[in-house]
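The structure under discussion appears below in the form of structure tokens.
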Amino acid sequence: MLKHIVASAAAVVLALAVLGLDVHNKPSSTTGSWQVDARHSDAKLITDATTDYGRTKMNLTLGFARVNGRVTVDDSDPTKSSIEFRFYPATSMAPDIDEDGKFLSHWLENLSNHTLVCFHSKKVVRTADGRLQATGDLTVTRVDRDVQADPTEAYAGPVYGPPMIHHTSREATFVFDFPAAAGNGQKESSINASGTTSMFREDFPQLVRTVISTYWPPVVQDEHCQVPDANEAYSGAQCTGTYLSTPGLPDAPHAANAEDIGVPTNFNAIVGNHLTVLVQLRFAPKGSEEQAAAGN
């Protein structure tokens, strides 16, 4: 009897193999409500540029942004799923402005502008290759202020004008990959996923222009700082984490004698005909300890 059971099990495994199904790498279920962990998520912003005085085209990573948000996935019926996230400069764990441009006065004390990009899905479907395709509203919100910094004897720092709020939305589609988690060592309490969208400047000129003109400081994931005891050798807080920064454009040539008078200054140029947004997300269950780090 035991031999018949073993033979039957082997036949099932063989049949699955013939059908091209991998029983050992079955994708884990992603059904549930998830929080985007801002400490371990980022958005990579890429546009087109030229170097060598326009003779060489290249893709340029403008920078990395911090990401937070919420995701609900229904594996049995993907149309019931919803995806929303926002990305923003990594000057803080949470965005300094909301989607409508509202802010607290102290947020604008030291910066002349703020940028926030939000995505809210309206339709989610499963593609033929198993990905999740989310179509919805992509909104860019920017707060700008004029800056006066006239060098006079009474100069006491820059003077900022009143805030001007710019708010524009367009439809966009992100395609998400959810990797198989079974057998790859990934913790069951979190899921990693990646999503991407691309657009031409004429599709969403306000977004492309805003992303290019925004300063994106380096993102430090999972940052942890410790302040040592004060002593004569004290050198400040000691911090660890994963540092995400961009290589920048190639160095322009310089004259050997350092006299660059008359040398063209357009060796590099950001063209900005298209924009690609690549988000790397780590999802943690809602209500987990990592939810606090997401900066709602």
Filter segment 76-105 down to the residues that are touching a Pro at 6+ places or on another chain (Cβ under 9 Å) and in a loop (DSSP other than H, G, I, E, B), then identify the one that is modelled with the lowest pLDDT. GLY101
Only one of (1) within 30 Å of TYR53 (Cα to Cα); (2) of a type in the set (S, T, N, Q); (3) surrounded by 15 or more Cβ atoms within 10 Å (Cβ to Cβ); (4) modelled with pLDDT under 70 does not apply to THR210, and that is (4)
Given the criteria among the small types (Gly, Ala, Ser) and modelled with pLDDT of 80 or more, does SER245 qualify? yes
If I ask for residues that are touching a strand residue (DSSP E or B) at 6+ places or on another chain (Cβ under 9 Å), of a type outside the set (Lys, Arg) and farther than 23 Å from ASP177 by Cβ, which ones from segment 27-71 would you list? ASP48, ALA49, THR50, THR51, TYR53, GLY54, THR56, MET58, LEU60
Restricting the search to segment 53-75, which residues are touching a Pro at 6+ places or on another chain (Cβ under 8 Å) and of a type outside the set (S, T, N, Q)? TYR53, GLY63, PHE64, ALA65, ARG66
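The values are calculated or read from the model by the stated rules, or taken from the named source; none is laboratory data. Just so you know, these numbers come straight off a predicted model, no measurement behind them. Cβ: placed from backbone, ideal geometry, glycine included. Neighbour counts: every protein chain shown.
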